[in-house]
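Structure first, then comments.
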Amino acid sequence: MGEDATKMSTERADATAFLKEWANCPTNPHFAVLIEGPWGCGKTHFVKRLLEDESFTNRKIIYLSLFGISDANSFQTQLFLASASEATKRLHAGAGLLGSVIKGVLRIDLNEDQKPDANANLSFSGAEKWIDKISGNLDNAVLILDDLERCPMSASNLLGIVNPFLEHGDARLLIVANTEKVTDDKFEAVREKVVGQS
C-alpha cells in the first residue's frame with residue numbers, strides 16, 4: 001500500500017473511532033459533526049459503510065438527502081417522513097405516508113399500539129404542531145443530512161431548524177457536504193455555532 005493510501009486509511013480509521021465515540025457519548029455533546037470534501041471523494045460511501053457497521057451505535061439512524069429540498073416546509077415534511085415510527089408508517093400502508101400527508105388525512109401513532117392517537121385533517125404545511133409532538137423521534141437518534149450543497153434552501157436556515165434538536169434534545173447531527181459549493185453567505189457564521197468538529 002502506498003504512503004497516500006496508508007495515510008487515507010489511518011484518517012478514515014481515526015474518523016470512524018471519533019464518530020463512534022461521539023454518537024455513543026452518554027452526555028449530549030451539543031454540536032454537529034461535518035464530513036466535508038469535494039464531490040467524488042467518498043463522503044457518502046464512508047457514511048454508508050459506517051452505518052453498515054453494527055458496532056457503530058444503538059441509536060436510531062435517520063438518513064436524509066437534502067437534494068432538491070427548497071424550503072422549510074419541504075424540509076420539515078421530509079424530516080417527518082424520515083423519522084416517523086414504523087407504527088405510524090404502517091397506519092398509512094395503503095395510500096402511503098406521503099399520500100396521507102398530501103391528502104391532509106395524516107394519522108399519527110404516538111405510542112406504537114397500532115392505533116391512531118391523533119388525526120391531522122389539514123395540509124402538512126399547517127401541521128407543524130405535529131412535528132413538535134413527534135420531534136421526540138429525533139431524540140436519541142443520529143440524524144444524517146447529506147448533500148447540503150445540493151439543497152436549494154439556504155444552509156443557514158436549514159441548520160437553524162435542526163439546531164434546537166442539538167441544544168435541547170439528545171440528537172446527534174452528522175452533516176455531509178461539499179462546503180466549497182455551498183453558496184449561502186451566512187453559512188460560515190451558522191456553521192461556527194452548530195458544527196463542533198469537521
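The values are calculated or read from the model by the stated rules, or taken from the named source; none is laboratory data. Since the model is a prediction, treat every value here as computed from it, not as a measurement. As a convention, Cβ positions derive from the backbone with ideal geometry for all residues, glycine included, and neighbour counts pool all protein chains shown. Heads up: the accessible areas ignore ligands, DNA and RNA and are worked out on the full protein's heavy atoms, side chains in. Shrake-Rupley method; radii C 1.70, N 1.55, O 1.52, S 1.80 Å.
In region 180-195, the qualifying residues are those that are in a helix (DSSP H, G or I) and open to solvent by 30 Å² or more (accessible area, probe 1.4 Å), and the one that is nearest to F67 (Cα to Cα) is K181.
Right, E112: acidic (D, E), more than 19 Å from the chain's Cα centre (by Cα) and either open to solvent by 30 Å² or more (accessible area, probe 1.4 Å) or modelled with pLDDT of 50 or more (or both) or not? Taking the combined requirement at face value, the residue satisfies it.
In summary, A17 fulfils each of the numbered conditions (1) at pLDDT 90 or above; (2) in contact with a strand residue (DSSP E or B) (Cβ under 6 Å, 6 or more places away or on another chain); (3) among the aliphatic types (A, V, I, L, M) with the single exception of condition (2). Number of residues in region 10-56 that are polar (S, T, N, Q), under 22 Å from P164 (Cα atoms) and either open to solvent by less than 70 Å² (accessible area, probe 1.4 Å) or touching a residue at least 12 places away in the same chain (Cβ under 8 Å) (or both): the value is 2. The single condition among (1) open to solvent by less than 70 Å² (accessible area, probe 1.4 Å); (2) modelled with pLDDT of 90 or more; (3) among the polar types (S, T, N, Q) that Q76 does not meet is (2). Inclusion of S83 among residues that are touching a residue at least 12 places away in the same chain (Cβ under 8 Å) and open to solvent by 20 Å² or more (accessible area, probe 1.4 Å) is not warranted.
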